[in-house]
Amino acid sequence: MSTQRTRTGEGRGLPRPGDTGASRRGEAGTRGGSGETGERVRPQGSPGGPPARGRRARAVPARGWPGSPGAIAARFLVLGLIVAVALWAAAPLVSAGNWTGTAIVAVVTAAGMHVYLTPRRLPAKYLFPTTLLVLAFQVFPVVHTMSLALTNIGDGHLGTKQEAITAIETSSVRREPGSAEYRLTVAERDGELVFLLADGGRAYAGTAGGLRPLEGARLGPGGRVAAAEGYAVLTAAQASARGAEVTELAVPVEGGAIRSQGLSRAYRGRAELSYEAGCDCVRGPDPGAAAGSGAGTEAGAGQEGREKVWRADEKQGRFVAADGTALPQGWKVDVGLANLTAALTNPQVNAHFLGVFGWNVVYAVSVVALTAALGIALALALHHPRMRAVRVYRTLVVLPYAMPAFAMLLVWRDMFNTDFGLVNRMLGLEVDWLGEPLTARLSVLLVQLWLGFPYMFLIATGALQTIPSEYMEAAQVDGATAWHRFRKVTLPLLMLALAPLLVSSFAFNFNNFNGVFLVTAGGPFPADNPAVGATDLLITYTFRLAFGQQGAQYGLASAMSVYVYLIVAVLSIVSFRRTRVFQEVDR
């Protein structure tokens with residue numbers, strides 16, 4: 001029994017009688033270096049070594065799907081939803097022939113299925129959705145904006161060359177004597193305006209894409225289409241509300257187009273301007289000489305103009321005549337760095353750009369400095385040990401932060417009204433706060449100070465409570481005054497927590513569109529330059545370029561957005577580097 005017990009102990013790696021630790025280590029080292037096995041004996045309980053005394057080796061579970069059947073079913077349900085969403089997103093892309101978008105959806109779906117169907121790759125399961133959101137909401141908008149900045153996209157340059165040719169021909173349609181007439185019913189399908197036309201018992205559906213027969217239409221009294229499957233017939237009031245769209249819609253047909261005449265009739269007219277592929281040009285009467293002839297007038301009014309030729313200019317994306325005049329309809333083309341250089345070299349653009357940029361920097365720095373100073377001052381005052389009713393005061397201070405900023409900006413705008421504003425009535429003044437450049441700038445700074453200081457107050461209050469009281473007591477024992485204690489102890493420790501938030505606040509206020517647009521709309525505007533106002537930021541100036549009443553210039557606005565992005569990125573990087581100085585306090 002003793003021999004069997006000893007062998008069992010040896011099999012378990014137990015020490016043999018008479019062995020010492022040194023002899024066992026030497027024996028292990030000899031076995032490891034003798035070349036018999038070529039392996040080093042690992043100690044008990046270590047990874048790869050024999051199990052520790054009193055422990056049983058755990059069986060390695062077989063690879064498979066961990067979790068209960070319910071968890072596995074939930075996982076497959078989520079994956080099924082992902083596939084369903086992918087199919088829903090890919091369907092319109094395939095129908096539109098957008099194979100690039102379809103490929104992106106397929107790759108993303110395949111990557112997601114691979115990540116979540118594999119039991120391993122645990123970090124990827126968390127990083128995949130985050131990376132997807134960053135690409136969708138950060139990288140893609142930046143890349144798309146940069147791509148638009150390299151084109152001339154804007155009013156008159158939104159589509160392809162063929163779409164521009166169609167628009168030119170349909171816009172020059174004139175009615176001729178004896179031209180075909182149709183009974184018109186204005187309808188809608190998927191938000192698009194449609195002409196339902198009836199002619200001798202036959203019905204057609206006409207859109208900006210062309211004319212096609214309409215099957216299953218029901219004709220009502222007067223021969224007009226009363227109902228059609230898949231189309232929502234508009235009432236007279238609804239059609240009148242969209243009168244501008246009805247007038248502008250032209251259904252292209254061979255040799256001309258069909259246009260409306262009122263809300264119940266339409267006619268087929270002839271296009272005075274026609275495109276010739278041989279010369280890549282548009283021929284027809286000069287619209288300038290034929291001014292006064294509009295759509296729907298009898299033929300002859302537009303024939304008085306002499307014939308003119310507009311040749312395609314691929315660099316400008318429009319048809320240009322020999323005298324330099326161009327047709328308003330154009331197409332989108334690549335212009336390279338023209339939009340980006342225009343902000344720096346074009347006098348009509350860079351003069352406004354530099355002025356707006358200067359005020360933009362002053363605005364962002366002033367708002368951050370004022371809100372931080374007031375927030376820290378109030379936090380220090382309420383942090384004093386002798387202060388009473390601290391909770392009440394703190395609640396009152398953060399009230400502006402609890403109110404919706406969008407609504408409060410509109411309230412402040414009305415408070416600055418010259419005639420009925422609360423500010424002038426309470427102070428007995430007659431100041432045109434939003435009508436003069438200086439007072440308008442002071443007004444937007446005051447509004448942002450009122451909206452922003454509670455945030456700085458909350459952050460400073462939390463940071464003050466983390467400063468050990470021993471630091472202040474030691475400084476007081478050393479004879480430091482209150483100002484020196486604040487400047488040498490409190491402020492550096494506060495900036496350790498506030499510095500990154502100040503940088504983010506600067507980036508936010510540099511692009512604070514609502515803070516300016518809802519109060520002053522960028523104004524006041526000088527009489528000789530209604531495009532740029534005294535309180536315009538780069539973001540509001542860019543918005544006006546893109547969606548202003550003077551015509552949309554999406555390409556130039558995208559170039560401005562690229563500059564705004566680069567400016568904020570550079571200033572943020574520099575600011576973050578400067579904040580490293582405060583980290584020395586924590587070392």
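Derivation of every value follows stated rules applied to the coordinates shown; laboratory data play no part. This structure is a prediction, so every number in the text was calculated from the model and none was measured. Cβ: placed from backbone, ideal geometry, glycine included. Neighbour counts: every protein chain shown.
Let me know the volume per residue of the alpha-carbon convex hull for the stretch 344-586, in Å³.
156
Straight-line reach from Lys315: which lysines have Cα under 22 Å away, leaving out those fewer than 8 places along the same chain?
By straight Cα distance, Lys315 reaches Lys161, Lys332.
Using per-residue counts of other Cβ atoms within 10 Å, averaged over each peptide, order 239-252, 424-437, 194-207 from highest down.
Output ranking for 239-252, 424-437, 194-207: 194-207, 239-252, 424-437.
Can you compute log10 of I(q)/I(0) for the stretch 161-330 with the Debye formula, treating each Cα as one identical point scatterer, at q = 0.13 Å⁻¹?
-0.67
Set the Förster radius R0 to 41 Å, insert the Cβ-Cβ distance between Leu410 and Trp99 as r into 1/(1 + (r/R0)^6), and round the FRET efficiency to 0.05.
0.35
What percent does the relative contact order of the stretch 344-586 come to when contacts are Cα pairs within less than 8 Å and at least six residues apart?
With pairs under 8 Å counted, the relative contact order is 24 percent.
For the stretch 70-149, evaluate the Debye formula with one uniform point scatterer on each Cα (no solvent term) and list log10 I(q)/I(0) at q = 0.17 Å⁻¹, rounded to two decimals.
With one equal scatterer per Cα and no solvent, log10 I(q)/I(0) is -0.81.
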